[in-house]
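First comes the structure, then the notes that go with it.
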Amino acid sequence: MKLLRAAPEAPKGNAEDGRKLFSEINQLQNQQFTICTASITLVGAYLALVMPKPPYDTICGDAKYLAMVSCSSAGAIVVLMLLFLWHNAIAHIVAVISSYLEVCQLSDWERDIHSFRRNNSFPSRTRISTYLFLALGGLLFLFAVGVTLEFRSCGAASAKHADWPEAFQWLTLFFFGYIALVLAFIRPGGWVTKRTDLINRWIELKRGQS
């Protein structure tokens, strides 16, 4: 989408507005960091809690344990999904505020960083966070798969024909739904409205006010 030109008579924002909005962006980005930290803590604490502990004979072929691992892993993926959506919503708010600062000429950073990224390789904070959520979800799924393969048919008992496959199917469903959700954000444009679209909306709003 082409970028509209701001009307010359469009009112510019004042310095106080810029100060407040910069402070708001800083708080929102701190929230994003907290969400990422909470996600890592969630996965680490969950794995430490559910990790098989000796003696392993007591859980070999235990269908209830395998079903519990699958169900709890699916639940952890759902929580991770909600945290990702929260993180994504904050990213969208930051994009809206940044586009306003650019339109009102309260900051040159937003325009300059986008121009810089077009010609240079520069890591995106939001993209890095998205890959983090993708890796954490994959870790939860691989953990459940590994435990299932290791303990489903060992020992005297066997869980081959028990009820755990149904729980494992739910885990697989939640996992691939989660992957689809994250990949939808990674693709060009993602779930956050494109910068040019946001800028054009602000410009049209300013023109309507003038």
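Taken as a whole, the structure leaves VAL69 outside the set of residues that are over 15 Å from PHE168 (Cα atoms) and either touching a residue at least 24 places away in the same chain (Cβ under 8 Å) or crowded, with 17+ Cβ neighbours inside 10 Å (or both). Among the residues of the stretch 41-66, those identified as under 30 Å from HIS87 (Cα atoms) and either surrounded by 12 or more Cβ atoms within 10 Å (Cβ to Cβ) or of a type outside the set (Val, Ile, Thr) (or both) are LEU42, VAL43, GLY44, ALA45, TYR46, LEU47, ALA48, LEU49, VAL50, MET51.
Sub-9 Å Cβ pairs linking a first residue in the stretch 101-124 that is outside any helix (DSSP H, G or I) and of a type in the set (A, V, I, L, M) to a second residue that is modelled with pLDDT of 75 or more and exposed (fewer than 10 other Cβ atoms within 10 Å of the Cβ), at least 6 apart or interchain, are LEU106/ALA15, ordered by first then second residue.
From LEU136, LEU142, LEU106, grab the single residue that is touching a Ser or Thr at 6+ places or on another chain (Cβ under 7 Å) and aliphatic (A, V, I, L, M). So that I can check it myself, show each step before the final result.
Numbers: LEU142 fails: touching a Ser or Thr at 6+ places or on another chain (Cβ under 7 Å); LEU106 fails: touching a Ser or Thr at 6+ places or on another chain (Cβ under 7 Å).
Result of the check over LEU136, LEU142, LEU106: LEU136.
If the condition is being under 19 Å from ALA91 (Cα atoms) and not β-branched (Val, Ile, Thr), then the stretch 26-75 contributes ASN26, GLN27, LEU28, GLN29, ASN30, GLN31, GLN32, PHE33, CYS36, ALA38, SER39. Just one of the listed residues (THR193, THR172) is surrounded by fewer than 17 Cβ atoms within 10 Å (Cβ to Cβ), at pLDDT below 80, closer than 30 Å to HIS87 by Cβ and β-branched (Val, Ile, Thr), namely THR193. If only residues of the stretch 146-167 that are modelled with pLDDT under 75 and assigned to a helix (DSSP H, G or I) are counted, the one that is nearest to TYR56 (Cα to Cα) is PHE151.
The values are calculated or read from the model by the stated rules, or taken from the named source; none is laboratory data. Just so it is clear, the structure is predicted and the values come from calculations on it, not from any experiment. In this analysis, Cβ positions are derived from the backbone assuming ideal geometry, glycine residues included, and neighbour counts consider all displayed protein chains.
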